[in-house]
């Protein structure tokens, strides 16, 4: 019988080398797919947070100054003076150039069943026919968009806390860095067209605010200090801006 032969040592080593090369390529492909999926998931969370934040802020700002049944109620009776806010005043805010940025206060009055939502997404369910005033205060703290309703403790609407700039993966979601609020006014006072946007510290007359430009500054989930130190050009923050008309001023 012909003597059987096995593989030589050189043949085995070559086969192992080819196998390792193929496995390495497969692992690299799997890692790339995992990174892509993680990035898409983070961007999806960011987009969801943008929609939630802006939808809530938009709904509340558009309702600024609202009060039911103008035949029996007035702005001054429905929105009484409180602290530094005068009777009938629907808007006010504070300006801070540094993070976490500005605050925005919006007031309106509702009655049961009118369907107007406050900054927590709730409507008036008190059963009281007389107008009930709601004071909505938006702010940012510890990476979260907050709303304080009628002087109660602020509740987070979007984002997560605390912020970890050195390791954004610890944030377990999106992080909001800053809230920037500019108020559209007509410098001449001639009509309801906006001629300039100013911050809260220089608003000439809060009753003259026609629209509000809100910018929510998010921490970019694709950014990291390590990547930046290595020369990455990915921006640290992503701004999401919307111009919102105050309905009782624009007539919409």
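Coordinate-derived values only; no laboratory data. These numbers were taken from a predicted model, which means no experiment stands behind them. In this analysis, Cβ positions are derived from the backbone assuming ideal geometry, glycine residues included, and neighbour counts consider all displayed protein chains.
The calculated FRET efficiency for the pair residue 82 and residue 112, based on their C-beta separation and a Förster distance of 22 Å, comes to about 0.50. Among 199-207, 16-24, sorting by the average number of other beta carbon atoms lying within 10 angstrom of each residue, highest first, gives 199-207, 16-24. Annotation for residue 208 and residue 195: the two label points, set 7 Å from Cα along the Cα-Cβ direction, are 0.8 nm apart.
Packing-based ranking of 56-68, 86-98, 218-230 yields 56-68, 86-98, 218-230, ordered from highest to lowest mean Cβ neighbour count within 10 Å. Once R0 is set to 45 Å, what does the formula 1/(1 + (r/R0)^6) return for the Cβ-Cβ distance between residue 152 and residue 31, expressed as a FRET efficiency to the nearest 0.05? According to the calculation, E is roughly 0.45.
Each of residue 120 and residue 233 was given a label point 7 Å from its Cα along the Cα-to-Cβ line. The distance between the two points is 4.7 nm.
Between residue 12 and residue 130, the contour length at 0.36 nm per residue exceeds the alpha carbon distance by 33.6 nm.
Taking the longest Cα principal axis of the chain as reference, the axis of helix 9-62 is set at about 0 degrees.
Which residues does the label zone of residue 99 cover in the stretch 198-218, counting backbone N under 11 Å from a point 7 Å along Cα→Cβ? Zone members listed by number: 217-218. Per residue, the average separation of C-alpha pairs within less than 8 Å and at least 6 apart gives the stretch 9-250 a relative contact order of 17 percent. Exposure proxy for 135, 55: other Cβ atoms within 10 Å of each Cβ, ordered fewest to most, give 55, 135.
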